[in-house]
Amino acid sequence: MERTATSADSAAPTFLSEALAGLTKPRKTLPCKYFYDARGSQLFEEICGLDEYYPTRTELGIMEEHVDGMADAVGPDVRLVELGAGSGRKTRLLLDALDGPAAYLPVEISQAALDGCARRLREAFPDLEVLSVCADYTRRVDLPRPQTAYEGTAAYFPGSTIGNFEPDEARTFLNRVARLVGEGGGLLIGVDLQKERDVLEDAYNDARGVTAAFNLNLLERINRELDGDFDLDAFHHRARWNPDEGRIEMHLVSRRPQQVNLADEAIDFDEGEYITTEYSYKYTEESFEALAQSAGFEAKQVWTDDREWFSVWYLEA
Ligand code: AVJ
C-alpha cells in the first residue's frame, strides 16, 4: 500500500522570502533547513562519515548498545513517527528492536528524501505499514491514521537536529511534539553534549573541507534556485564554539566589501561581515532535562557513550 499525505499550507514562507528576510537583517542569517538540496544532502552524508564528525558514529554506537532498552521504553504496537527522513540506519535498528510497531510514518519536507526513505524502509520491512507524510515538521502536522490498530504514538528525532533550534524554538518545537504524540506518548531523541572546544570545533572544521563545501552550497543553491549572484570565492566558511551560548556557530564570511543581488534587493557586505547559517546547540544532561520538562515532557531514561559525548533520551508526554 502506498499513500502520501501532504499538509499544504499557502501561508508557508518560501525559500526566497526567508532568504531575503535573513539577508536584509543587520546581522545577516540564512535558515539552515535550506542546506539540504540534493547536493547538500549528499555532502551531509559525507560529513557523517568524517573522522572529526563524532556525533553520527557516537549516536549509532549508543543505539547499537542500548536499542533493546529503548524499544522497551517505547513499548509495543506503536505508531512510530520519524521527524525528518535520514539515511535510515538508526531507524532500521530501532524498528528491528521494537515489539510489533503498528506503522512507520516518516515526516519530511523534501519529497525526494521522503520517497527514498520510504522505499528503503519498505524493502527492509515488507510487512510494515509505511505512511509517508510530506510536511514541515516545525509547523503543525496532521498524522494519517494507520490501518493497523496501534497502542499509542512515539516520535523519533535522532541526529541532534534539536541543536539547530534556539532554546525558545526548541521548547516550542518539543511542546508541539508532546501534543502530537499525546499524553502517555513518547519521544526518543538524540542530543549532542557539551565537551571541550577542540573536539567541537574540529567536528565543524574538518580537514578535507567537506563542511566548508556544505556551508557554501547554500549560496550556490540561492544562485541556482533564486537567481542570486553570490561569488562563492568571495566567502569562506567558519565555525566556532560559543561557550556562553553553548553552541557552535557556522558563518559564511565575506572576504571583501561587495554587493550581492537577489530578486530586487542589493545586499551590501563589509569585509569580514558574515552570514550566520547554523547554530548547533550542545546541551548538558541537566540543561536538556530542564528544557524537556519545560516543554511538557518527563525525561524517563537517558543513554550515553563512555566519553559522554552524545545522549539519547526517552521522554514521555
Ligand atoms: C546533525 C543536522 C544537527 O548540527 O551537527 C553538520 C548538521 N552542520 N555539520 C549538526 C551539520 C555542520 C548538524 N545536524
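Every read-out reported here was derived from the displayed coordinates using simple, explicitly stated rules and does not represent laboratory data. Please read all numbers here as calculations on a predicted model, not as lab measurements. Cβ: placed from backbone, ideal geometry, glycine included. Neighbour counts: every protein chain shown.
If I stretch the segment between residue 24 and residue 255 completely, what's the gain in nm (0.36 nm per residue apart, minus their alpha carbon distance), one decimal?
81.3 nm
Mean Kyte-Doolittle of at least 1.0 plus a Cα span of 30 Å or more along the axis: flag which DSSP H helices in the chain meet both, please.
None pass (Cα extent of 30 Å or more, hydropathy at least 1.0).
For region 222-282, take every pair of Cα atoms, bin their distances at 10 Å starting from 0, and report each bin as a whole percent.
Calculated P(r), rounded to whole percents: 22, 44, 27, 8.
Given the chain, what count of lysine pairs have C-alpha atoms under 24 Å apart, with each pair 8 or more places apart or on different chains?
10
Under the definition of Cα pairs under 8 Å and six or more residues apart, what whole-number percent is the relative contact order of the chain?
21 percent.
Once the other residues with Cβ under 12 Å from the Cβ of residue 110 are scored (Lys, Arg +1; Asp, Glu -1), what is the net sum?
With Lys, Arg at +1 and Asp, Glu at -1, the net is -3.
Considering only DSSP beta bridges where both residues belong to the chain, give the percentage that are antiparallel (nearest 5).
Bridges in the chain are about 60 percent antiparallel.
Kirkwood Rh over Cα pairs of the chain into Stokes-Einstein at 25 °C, 0.890 mPa s: D in µm²/s?
Stokes-Einstein gives a translational diffusion coefficient of 120 µm²/s.
Whose amide H sits under 5 Å from the amide H of residue 282, counting only residues 5 or more places off or on another chain, with H placed in the peptide plane?
Amide H neighbours of residue 282, under 5 Å, 5+ apart: 247, 248.
Step through the residues of region 255-266 one at a time and calculate ³J(HN,Hα) from phi using the Karplus curve (6.51 cos²θ - 1.76 cosθ + 1.60, θ = phi - 60°), rounding each to whole Hz and writing x for Gly and Pro.
6, 7, x, 6, 10, 10, 10, 8, 6, 9, 9, 9
Can you list the equivalent-ellipsoid semi-axes of region 124-208, largest first and in whole Å, using the square root of 5 times each Cα gyration tensor eigenvalue?
31, 17, 12
State, as an integer percentage, the relative contact order of region 83-182 based on alpha-carbon contacts under 8 Å between residues 6 or more apart.
For region 83-182, the relative contact order is 27 percent.
In debye to the nearest 20, how big a dipole does region 213-317 give about its Cα centre with +1 on each Lys and Arg Cβ and -1 on each Asp and Glu Cβ?
That gives region 213-317 a dipole magnitude of about 260 debye.
State the answer as a single residue: which of 149, 275, 235 lies farthest towards the positive end of the charge dipole of the chain, with beta carbon charges of +1 for Lys and Arg and -1 for Asp and Glu, about the Cα centre.
149
Can you give the calculated 222 nm mean residue ellipticity of the chain, where each DSSP H run of n ≥ 4 adds -39,500 (n - 2.57) and the sum is split over every residue, rounded to the nearest 500 deg cm²/dmol?
My calculation for the chain gives -11500 deg cm²/dmol from helical runs alone.
So for region 178-317, Kirkwood radius off the Cα pairs, Stokes-Einstein at 25 °C and 0.890 mPa s: how many µm² s⁻¹?
The diffusion coefficient I find is 139 µm²/s.
Quick one: which residues, 5 or more positions from residue 155 or on another chain, have an amide H under 5 Å from its amide H? H modelled 1.01 Å from N in the peptide plane, none for Pro or chain starts.
Answer set, sorted by chain and number: 81, 186, 187, 188.
Which residue, 119, 79, 240, tops the fluctuation ranking in a GNM of the chain built on C-alpha contacts under 10 Å?
Result: 119 has the largest fluctuation of those listed.
Give me log10 I(q)/I(0) at q = 0.14, 0.25 Å⁻¹ for region 77-160, Debye formula, one equal scatterer per alpha-carbon, no solvent.
Scattering profile of region 77-160, log10 relative to I(0): -0.40, -1.40.
Do any GluC sites (Glu not before Pro) in region 154-203 lie in a DSSP loop with no more than 14 other beta carbon atoms within 10 Å, and if so, which?
183, 196
Could you pull out which residues in region 16-38 have an amide N less than 20 Å from a spot 7 Å beyond the Cα of residue 264, following the Cα-Cβ vector?
Once the point is set 7 Å along Cα→Cβ of residue 264, 16-25 turn out to lie under 20 Å by backbone N, inside region 16-38.
Stokes-Einstein diffusion coefficient for region 35-80 at 25 °C in a medium of 0.890 mPa s, Rh from the Kirkwood formula over Cα pairs: what value in µm²/s?
Translational diffusion coefficient: 192 µm²/s.
Once the other residues with Cβ under 14 Å from the Cβ of residue 43 are scored (Lys, Arg +1; Asp, Glu -1), what is the net sum?
Taking every Cβ under 14 Å from that of residue 43, the sum is -3.
Whole number please: convex hull volume per residue, Cα atoms of region 46-122, in Å³.
Dividing the Cα hull volume of region 46-122 by its residues yields 92 Å³.
Mind checking which of 90, 282, 33 has the largest fluctuation in a GNM of the chain, springs on alpha carbons under 10 Å?
Of the options given, 33 has the highest mean-square fluctuation.
Given +1 on the Cβ of Lys and Arg, -1 on the Cβ of Asp and Glu, and no further charges, what dipole in debye does the chain carry about its Cα centre, rounded to the nearest 20?
Computed about the Cα centre, the dipole is about 560 debye.
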